[in-house]
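Trainee: Handing you a structure now.
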């Protein structure tokens, strides 16, 4: 199940990257059709890229949050929890060896 979640996440990121290329191409087409100056076109394209980057960050945050929620519902142990348990075991071993 974890592998399915991982593949789904990677697929979503891949689609977002493809969408960026298509979005840039669309922005260039709009620039040509509106007969913008080079400066206006560059500013327009920069704004489109900025909006895309902001949307991608939000998407990545949502995907990460959703995956964490799914893993929690599935009662899957996280790496952070395992590290915590390892530390507790080390601490207990140290306490026992001192007695």
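The values are calculated or read from the model by the stated rules, or taken from the named source; none is laboratory data. Predicted model, so just to flag it, every value in this text is computed and none were measured. Positions of Cβ are generated from backbone atoms using ideal geometry, with glycine treated the same way; all protein chains shown enter the neighbour counts.
Trainee: Take residue 57 and decide whether it is surrounded by 14 or more Cβ atoms within 10 Å (Cβ to Cβ), assigned to a helix (DSSP H, G or I), under 16 Å from the mean Cα position of the chain (by Cα) and modelled with pLDDT of 80 or more.
Mentor: Working: surrounded by 14 or more Cβ atoms within 10 Å (Cβ to Cβ): no; assigned to a helix (DSSP H, G or I): yes; under 16 Å from the mean Cα position of the chain (by Cα): yes; modelled with pLDDT of 80 or more: yes.
No, not satisfied.
Trainee: Go through region 29-39 residue by residue and tally those that are assigned to a helix (DSSP H, G or I) and out of contact with any helix residue (DSSP H, G or I) (no Cβ under 7 Å at 6 or more places or on another chain). Steps first, please.
Mentor: Of region 29-39, the ones assigned to a helix (DSSP H, G or I) are 29-33, 38-39.
Applying the additional criterion that residues be out of contact with any helix residue (DSSP H, G or I) (no Cβ under 7 Å at 6 or more places or on another chain) yields 29-30, 32-33, 38-39.
Number of matching residues: 6.
Trainee: Name the residue, out of 83, 42, 20, that is at pLDDT below 75 and outside any loop (DSSP other than H, G, I, E, B). Give the derivation first.
Mentor: Values: 83 fails: at pLDDT below 75; 42 fails: at pLDDT below 75.
Within the list 83, 42, 20, the selection yields 20.
Trainee: Return the pair list, or none, for Cβ contacts closer than 7 Å from residues in region 62-84 that are on the phi < 0 side of the Ramachandran plot to residues that are assigned to a helix (DSSP H, G or I) and surrounded by 12 or more Cβ atoms within 10 Å (Cβ to Cβ), at least 6 apart or on different chains.
Mentor: Close Cβ pairs satisfying both conditions: 63/9; 63/12; 67/5; 67/9; 70/5; 78/71.
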